[in-house]
Amino acid sequence: MPAQPAHPELGFYTLAGAPKSPRDMFQELRDAEDMGLGTAFISERFNIKEAGALTGAAIGATSNINIVTAATNHTTRHPIVSASWASTLHIMSEGRFSLGLGRGIDAMFNAYGMPLATTDSMEQFAVLMRRLWKGETVLNYADLTGTYPVLRLDPAFDLDIPLSITAFGPQTLQMAGRAYDNVILHTFFTDETTQRAVQMVKKSAEQAGRDPSTVRVWSCLATIGDHIDPALRLKKTVGRLATYLQAYGDLMVRTNNWDPEVLKRFRADEFVKTFPGALDAKGTTEDLERVAPLIPEEWLAPSATGTPEQCVAAIRNQFALGCDGVIMHGATPTELAPIVAAYKA
């Protein structure tokens, strides 16, 4: 088996945001392994971030870091393709791969003509994957993506491949506790929201007869130290949260019990309303300075900012809230180096 990383409880997103080239991932992964980070998470965008290609390359370029999709969507591939993708990388990596799912963005999936995932469909998919990885033949399977007369990988299989899921609302969190192994929370969750989410997952796991300690809940904590250039900090804080508000602001506000009137003002702003694309990807420094006053400081506060030591205090607080792991989100390993050094100290 691969050697255990020095810090299995810490992770990062490779190719965070909108990278110029997917080749940037290789140096990030080398740096992350050198630093002892335990997990590299890979999100999917339909441009230069196709998850199957990236995860295969990531497994081949690494030796001990875990690779998790967080997330892809089960409605974009035939179920046998998803199952064989995971079994291939599981064996190739000697157990370092986890297939991770998310719900997706409704507007985009509607535009592409793809089915919208439901909580039930994601639970059904998890059960199906585990059956296939155990060598079962599944007959006349049907879900919201279609009907499949026969599904089978290899009758000799007896694979335990971890499943991961990005989760927001209470129904998904409860389902995750029953059916998944890693639960990735969202960025900019308040302490109260984080603690509530952890408790919901663990309680659901216990009620389902699972050992709650085997279901790992990951905080996704924006980690943007003061050593980073101010313009880049603005992009990784204001730009990132503004993009979330563009895409699924109602869900963010409802989950965190934030003031919905603030979101209304954000959306009604003429600049935001007419901006052509995601603010974190397309916005200039001037654009983000224009948007910054629309976002309250308290909405940006659930993050790790300041000196490396202050960032470490925020990271450790996530463990105090009950999280099993912390994803230091929005920064490359190079940008995280002073913070990880302070964490080790």
Self-check item: Residue match in the stretch 298-311 (condition: in contact with a Lys or Arg (Cβ under 8 Å, 6 or more places away or on another chain), over 23 Å from Ala197 (Cβ atoms) and either assigned to a loop (DSSP other than H, G, I, E, B) or free of Cβ contacts under 8 Å to residues at least 60 places away in the same chain (or both))
Solution: no
Of the candidates Val291, Val262, Val253, the one satisfying the condition of being under 22 Å from the mean Cα position of the chain (by Cα), farther than 24 Å from Ile48 by Cβ, assigned to a helix (DSSP H, G or I) and not aromatic (Phe, Trp, Tyr) is Val253
A careful count of residues in the stretch 145-193 that are of a type in the set (D, E, K, R) and under 26 Å from Trp299 (Cα atoms) gives 2
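Filter the stretch 34-47 for residues that are out of contact with any strand residue (DSSP E or B) (no Cβ under 9 Å at 6 or more places or on another chain) and either small (Gly, Ala, Ser) or at pLDDT 95 or above (or both) and give the result.
Residue satisfying the conditions is Asp34 alone.
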Matching residues in the stretch 48-74 (touching a residue at least 24 places away in the same chain (Cβ under 8 Å) and under 17 Å from the mean Cα position of the chain (by Cα)) number 15
Within the stretch 125-146, of all residues that are exposed (fewer than 15 other Cβ atoms within 10 Å of the Cβ) and aliphatic (A, V, I, L, M), the one farthest from Asp160 (Cα to Cα) is Leu144
Of the residues in the stretch 89-106, those that are more than 16 Å from Phe168 (Cβ to Cβ) and within 21 Å of the chain's Cα centre (by Cα) come to Leu89, His90, Ser93, Gly95, Arg96, Phe97, Ser98, Leu99
Scanning the stretch 163-182 for residues that are assigned to a loop (DSSP other than H, G, I, E, B) and at pLDDT 95 or above, the one surrounded by the fewest Cβ atoms within 10 Å (Cβ to Cβ) turns out to be Asp181
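Out of all the residues in the stretch 57-85, which are of a type in the set (A, V, I, L, M, F, W, C) and either over 20 Å from Leu151 (Cα atoms) or surrounded by fewer than 23 Cβ atoms within 10 Å (Cβ to Cβ) (or both)? Step through it out loud before you land on a result.
Restricting attention to the stretch 57-85, the residues satisfying the condition of being of a type in the set (A, V, I, L, M, F, W, C) are 57-59, 61, 65, 67-68, 70-71, 80-81, 83, 85.
Once the filter is applied, which keeps residues that are of a type in the set (A, V, I, L, M, F, W, C) and either over 20 Å from Leu151 (Cα atoms) or surrounded by fewer than 23 Cβ atoms within 10 Å (Cβ to Cβ) (or both), the stretch 57-85 yields Ala57, Ala58, Ile59, Ala61, Ile65, Ile67, Val68, Ala70, Ala71, Ile80, Val81, Trp85.
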Looking across the stretch 96-124 at residues that are small (Gly, Ala, Ser) and surrounded by 13 or more Cβ atoms within 10 Å (Cβ to Cβ), the single one that is nearest to Ser164 (Cα to Cα) is Gly100
Among the residues of the stretch 217-229, is any assigned to a helix (DSSP H, G or I) and within 26 Å of Gly169 (Cβ to Cβ)? no
A careful count of residues in the stretch 66-95 that are acidic (Asp, Glu) and either in a helix (DSSP H, G or I) or closer than 22 Å to Met108 by Cβ (or both) gives 0
Checked pairs for the stretch 253-267, first among the charged types (D, E, K, R), second in a helix (DSSP H, G or I) and surrounded by 13 or more Cβ atoms within 10 Å (Cβ to Cβ), C-beta under 9 Å and 6 or more apart or across chains, list as Asp259/Val253; Arg265/Leu294; Arg267/Leu245; Arg267/Gln246; Arg267/Gly249
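The values are calculated or read from the model by the stated rules, or taken from the named source; none is laboratory data. Owing to the predicted nature of the structure, the values given are computational and were not obtained by experimental measurement. For neighbour counting, all protein chains shown are included, and Cβ atoms are generated from backbone atoms with ideal geometry for every residue, glycine included.
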